[in-house]
Amino acid sequence: MEGIFITIEGPDGSGKTTQIELLREYLEKKGYDSVVTREPGGTVISEAIREIILNPEYKEMSYMTELLLYAAARAQLVNQIIRPALIEGKAVICDRFVESSAVYQGIGRGLGVSTVYEVNNYALGEVKPKLTIFMDLDAEDGIKRKKNQTELDRMEQEDIEFHKRVVEGYRKLAELYPERIVPIDATLSVEDIHSRIVSEVEKRFFK
Ligand code: TMP
């Protein structure tokens, strides 16, 4: 596969969307057709699964059901959108991917990171990101930013301890896989964050 696959991770409210748009513009300037997508979602089926997962009324959802639904949404997105785009040589930027499952379900819910990767291997096949940007922001700050914006979904309604475990989980993963997962301080300015992301992209794809 010749394309470029980059994922962006971080707690809710860490500013992923703004950075994804700037990164897309940068990759287009470099001559890449770009596909921007998100998880859970990005296809009709995956968006339908997203509605189920995030519906605040489904308080009885078991953690394993949650893990498998995220993986199912991912399998559809990989097969329908990401793999074909990479085969065509495009740049794919995905707002969240398997590391979200590793930290939210693996660490936040306590299902275990290795269980999460094992289940997700079926969804991913050989499709793995070469670079994962982690927007590093304390859980309290992310939640504050979100609360100002919208009604909270089923995951966002979790207590602060859950969200702290998620952020700690991301930090741990970034330490474990430093060659792929790059933490960037999400409290920096939009421009500073973008230029850090660009330098990581250049190191990996344009040298
Ligand atoms: P979003 O608000 O960034 O669109 O993401 C939806 C929520 O789903 C967010 O709280 C993170 C959570 N999530 C997981 O728990 N596991 C996953 O695998 C993914 C992709 C997202």
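Brief remarks follow.
- The set of residues from the range 8-38 being modelled with pLDDT of 95 or more and touching a helix residue (DSSP H, G or I) at 6+ places or on another chain (Cβ under 7 Å) comprises Ile8, Glu9, Gly10, Thr18, Gln19, Leu22, Leu23, Tyr26, Ser34, Val35, Val36, Thr37.
- The residues in the range 98-126 that are crowded, with 18+ Cβ neighbours inside 10 Å and under 23 Å from Glu2 (Cβ atoms) can be counted, and the count is 3.
- For the range 152-207, the set of residues classified as among the basic types (Lys, Arg), touching a residue at least 40 places away in the same chain (Cβ under 8 Å) and under 28 Å from Lys59 (Cα atoms) consists of Arg154, Arg165, listed by residue number.
- Checking each residue in the range 112-144 for being within 11 Å of the ligand (Cβ to nearest atom) and either over 17 Å from the mean Cα position of the chain (by Cα) or among the β-branched types (Val, Ile, Thr) (or both) picks out Val116, Val119, Ile143.
- The combined condition, being more than 10 Å from the ligand (Cβ to nearest atom) and free of Cβ contacts under 8 Å to residues at least 12 places away in the same chain, is not fulfilled by Glu2.
- Failed criterion for Ile81 (all others in (1) within 28 Å of Asp138 (Cα to Cα); (2) touching a residue at least 24 places away in the same chain (Cβ under 8 Å); (3) not basic (Lys, Arg) hold): (1)
- The numbered conditions (1) touching a helix residue (DSSP H, G or I) at 6+ places or on another chain (Cβ under 9 Å); (2) under 17 Å from Glu9 (Cα atoms) are all true for Ile160 except (2).
- Elements of type helices (runs of 4 or more DSSP H) contained in the range 1-97, each with 1 or more residues being polar (S, T, N, Q) and open to solvent by less than 30 Å² (accessible area, probe 1.4 Å): 16-29, 44-54
- Qualifying positions in the range 92-121 - free of Cβ contacts under 8 Å to residues at least 60 places away in the same chain, over 18 Å from Val167 (Cα atoms) and aliphatic (A, V, I, L, M): Val119
- Annotation note: of Glu99, Glu66, the sole residue that is within 11 Å of the ligand (Cβ to nearest atom), of a type in the set (Asp, Glu) and within 24 Å of Thr18 (Cβ to Cβ) is Glu99.
- Tyr58 being in contact (Cβ under 8 Å) with a residue 40 or more places away in the chain, over 17 Å from the mean Cα position of the chain (by Cα), more than 11 Å from the ligand (Cβ to nearest atom) and under 26 Å from Val35 (Cα atoms): no
The values are calculated or read from the model by the stated rules, or taken from the named source; none is laboratory data. As the structure is a computational prediction, the values presented were derived from the model and not from experiment. Ideal geometry is used to build each Cβ from the backbone, glycine not excepted, and the neighbour counts take in all protein chains shown. Just so you know, the surface numbers come from the protein's heavy atoms only, side chains and all, with ligands and any DNA or RNA stripped out. Shrake-Rupley method; radii C 1.70, N 1.55, O 1.52, S 1.80 Å.
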